[in-house]
């Protein structure tokens with residue numbers, strides 16, 4: 001007997017973002033921040049050519065968001081790391097310059113895997129992995145020691161399938177495997193990328 005299609009997962013690239021220190025803000029400030037966050041995310045994906053028809057609607061995580069990108073030719077996974085995340089960092093910088101009292105920074109996790117859906121939204125192990133990475137203590141520490149607008153962690157799967165191949169705009173030498181998480185019985189270690197790492201690599205090759 002065949003499995004109903006509704007019970008089968010769908011492959012998605014998964015981007016999870018979380019706002020640094022959101023619990024220290026007042027509720028009115030959080031309301032404004034949430035509006036700006038979703039606007040900047042939309043602009044960042046558009047910078048990579050990933051329009052709404054190539055991704056699901058953003059999933060609200062309270063002080064962050066879950067972004068699920070469909071496996072289509074117009075939205076290859078390397079674009080997320082080479083274009084979308086850098087565009088998001090630039091947008092955060094511009095926002096901070098124009099609205100310093102409303103500036104905020106992000107932790108960003110990128111993964112890819114199988115996602116299930118029900119009437120409440122997406123779920124599944126790969127969603128859990130992305131969310132664990134974006135909430136990881138080590139990623140929080142990495143953001144605390146940088147002045148950058150965001151820090152990025154990618155899963156071992158993203159490193160294996162994308163980063164280690166050195167696609168245009170992606171320098172595998174600027175990723176360091178330093179973010180441990182545990183999901184059930186699995187122990188995974190994510191690869192972190194910060195602007196400081198990129199600058200160090202540029203200085204070494206100059």
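The values are calculated or read from the model by the stated rules, or taken from the named source; none is laboratory data. Values in this document were obtained by computation on a predicted structure and should not be read as measured data. Cβ: placed from backbone, ideal geometry, glycine included. Neighbour counts: every protein chain shown.
Points to keep in mind about this one:
- Test: residue in the range 42-59 that is at pLDDT below 95 and on the phi > 0 side of the Ramachandran plot: no
- Residue 33 touching a helix residue (DSSP H, G or I) at 6+ places or on another chain (Cβ under 8 Å), under 28 Å from residue 171 (Cα atoms) and touching a residue at least 24 places away in the same chain (Cβ under 8 Å): no
- Annotation note: of 82, 136, 130, the sole residue that is closer than 17 Å to residue 191 by Cα and within 12 Å of the chain's Cα centre (by Cα) is 130.
- The criterion of being surrounded by fewer than 16 Cβ atoms within 10 Å (Cβ to Cβ), under 27 Å from residue 175 (Cα atoms), touching a residue at least 40 places away in the same chain (Cβ under 8 Å) and over 13 Å from the mean Cα position of the chain (by Cα) holds for residue 43.
- Within the range 22-49, the set of residues being assigned to a loop (DSSP other than H, G, I, E, B) and either in contact with a strand residue (DSSP E or B) (Cβ under 6 Å, 6 or more places away or on another chain) or more than 18 Å from residue 88 (Cβ to Cβ) (or both) comprises 25, 26.
- Selection count where residues are closer than 21 Å to residue 12 by Cα and without any contact (Cβ under 8 Å) to a residue 60 or more places away in the chain, scope the range 87-107: 1
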